[in-house]
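Asks: The structure follows.
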Amino acid sequence: MADIPSFFSLKNSINTLTDTDKRQTENYLEVVEAFARTTYQSVYVIDYAQKGFEYVSDNPLFLCGNTAAEVREMGYDFYFKYVPEADLELLLKINTVGFDFYETKPVAERKDYSISYDFHLKTEARKTLLINQNLTPLFLTESGKIWKAICFVSLSTQQQAGNITITQKGSSEKLIYDLATDCWKAVQKIELTQREQEILHYAMRGYAITEIAEQLYISSNTVKFHRKKLFEKLGVATIYEAISYATVNKLI
């Protein structure tokens, strides 16, 4: 059975914080709170020195019926209460391979990388919900350890847990972790055409196919053609899944 310390890699153990470390974080939570009010995603901040949550937004998706304050108080006990056993083991694996990856990168580049993965949460109705978490380092210590990280939680567009992916700011590649072979594989990021982006932007604003066609001065059949190609490219079945996938993966 996993325990809380297992989630915190010895490679990223933080015993002391310098004054320089602490000055990085002056008033930063005000920015996080302001951002959380503008997004449909849940937002939280992990403090690896304190081994818990420093901030949890009020968005109910991540809370499993609790208040944000209650989840913050629970810290990593939240996972033991609301994540199925099989996915707990997955989270431990992600924790290990994630920190191992960051250790291989120059300190100056570590905040450029984000790690994304999917796992289940048990809901109030005793069902499970597949969610996606996208985690990015916010602050490093002077020695290069990840001190605080921000995480965005949204509904997953996938069908099963896992899907461990690392992206780097400005890179056209992403790394996908193969659980079967225990290694990272580089693949090209999906890129949307201008027309596909236009259709998604109008769909996000609630436009129907005929209305999108009118706005773009094309036929409804042409809109349907581009939507079909878009769905195939993203591996989704509906426009709502396409919007979610494109948003989570920063394609628009």
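Asks: Among the residues of the stretch 180-200, which ones are surrounded by 13 or more Cβ atoms within 10 Å (Cβ to Cβ) and either part of a strand (DSSP E or B) or touching a Ser or Thr at 6+ places or on another chain (Cβ under 8 Å) (or both)?
Replies: TRP184, LYS189 - these are the residues of the stretch 180-200 that are surrounded by 13 or more Cβ atoms within 10 Å (Cβ to Cβ) and either part of a strand (DSSP E or B) or touching a Ser or Thr at 6+ places or on another chain (Cβ under 8 Å) (or both).
Asks: Examine the stretch 141-150 for a residue that is more than 18 Å from THR16 (Cα to Cα) and surrounded by 20 or more Cβ atoms within 10 Å (Cβ to Cβ), and state whether such a residue exists.
Replies: yes
Asks: Further question on the same structure: Out of curiosity, is ILE218 in contact (Cβ under 8 Å) with a residue 12 or more places away in the chain and among the aliphatic types (A, V, I, L, M)? Walk me through it before giving the result.
Replies: Details: in contact (Cβ under 8 Å) with a residue 12 or more places away in the chain: no; among the aliphatic types (A, V, I, L, M): yes.
Judged against the criteria, ILE218 is not a match.
Asks: For the stretch 22-53, how many residues are among the acidic types (Asp, Glu) and either in a loop (DSSP other than H, G, I, E, B) or crowded, with 19+ Cβ neighbours inside 10 Å (or both)? Don't jump to the end; show me each part of the working.
Replies: Kept after step one, since they are among the acidic types (Asp, Glu), are these residues of the stretch 22-53: 26, 30, 33, 47.
If we keep only those that are either in a loop (DSSP other than H, G, I, E, B) or crowded, with 19+ Cβ neighbours inside 10 Å (or both) too, we end up with 26.
Within the stretch 22-53, residues that are among the acidic types (Asp, Glu) and either in a loop (DSSP other than H, G, I, E, B) or crowded, with 19+ Cβ neighbours inside 10 Å (or both) number 1.
Asks: Only one residue in LYS93, LYS148, LYS81, LYS127 is touching a strand residue (DSSP E or B) at 6+ places or on another chain (Cβ under 7 Å) and not small (Gly, Ala, Ser), so which one is that?
Replies: On the way: LYS93 fails: touching a strand residue (DSSP E or B) at 6+ places or on another chain (Cβ under 7 Å); LYS81 fails: touching a strand residue (DSSP E or B) at 6+ places or on another chain (Cβ under 7 Å); LYS127 fails: touching a strand residue (DSSP E or B) at 6+ places or on another chain (Cβ under 7 Å).
Just a single option satisfies the conditions, and that option is LYS148.
Asks: Could you grab the pairs with beta carbons closer than 7 Å, sequence gap of 6+ or different chains, first residue in the stretch 58-72 and closer than 11 Å to VAL153 by Cβ, second one among the small types (Gly, Ala, Ser)?
Replies: As it stands, the answer is ASN59/SER42; LEU61/SER42; PHE62/SER42, since those pairs meet every condition given.
Asks: Still on this structure, I have one more. I want to confirm something. Restricting to the stretch 236-252 and keeping residues that are at pLDDT below 80 and not in a helix (DSSP H, G or I), which single residue is nearest to THR165 (Cα to Cα)?
Replies: ASN249
Asks: Please verify whether TYR44 is within 22 Å of GLY162 (Cα to Cα) and either at pLDDT 90 or above or in the same structural domain as LEU135 (by TED's automatic domain parsing) (or both), treating the condition exactly as stated.
Replies: Yes.
Asks: Every residue in the stretch 209-238 that is among the β-branched types (Val, Ile, Thr), closer than 29 Å to GLN188 by Cα and surrounded by fewer than 17 Cβ atoms within 10 Å (Cβ to Cβ), please.
Replies: THR222, THR238
Asks: Across the stretch 54-92, what is the total count of residues that are of a type in the set (S, T, N, Q) and assigned to a helix (DSSP H, G or I)? First the steps, then the outcome.
Replies: Going residue by residue through the stretch 54-92, those that are of a type in the set (S, T, N, Q) are 57, 59, 66-67.
Add one more test, that the residue is assigned to a helix (DSSP H, G or I), and what stays is none.
Number satisfying all stated conditions: 0.
Asks: Could you tell me which residue of the stretch 147-179 is nearest to ASN249 (Cα to Cα), considering only residues that are part of a strand (DSSP E or B) and charged (D, E, K, R)?
Replies: The residue in question is LYS174.
Asks: While we're on this one: Please go through the stretch 151-163 and pick out each residue that is over 10 Å from the mean Cα position of the chain (by Cα) and buried (at least 20 other Cβ atoms within 10 Å of the Cβ).
Replies: Scanning the stretch 151-163 gives THR157, ALA161.
Asks: Just checking, how many residues over the stretch 93-130 are assigned to a helix (DSSP H, G or I) and either surrounded by 15 or more Cβ atoms within 10 Å (Cβ to Cβ) or not polar (S, T, N, Q) (or both)? I'd like the intermediate steps shown before the answer.
Replies: Of the residues in the stretch 93-130, the ones assigned to a helix (DSSP H, G or I) are 93-103, 107-112.
If we keep only those that are either surrounded by 15 or more Cβ atoms within 10 Å (Cβ to Cβ) or not polar (S, T, N, Q) (or both) as well, we get 93-95, 97-103, 107-112.
Matching residues across the stretch 93-130 total 16.
Asks: What's the number of the condition GLN133 fails, among (1) crowded, with 19+ Cβ neighbours inside 10 Å; (2) in contact (Cβ under 8 Å) with a residue 24 or more places away in the chain; (3) of a type outside the set (A, V, I, L, M)?
Replies: Answer for GLN133: the failing condition is (2).
The values are calculated or read from the model by the stated rules, or taken from the named source; none is laboratory data. Since the structure is predicted, the reported quantities are computational estimates derived from the model, not experimental observations. Please note: Cβ atoms are built from the backbone with ideal geometry, for glycine as well, and neighbour counts cover all protein chains shown.
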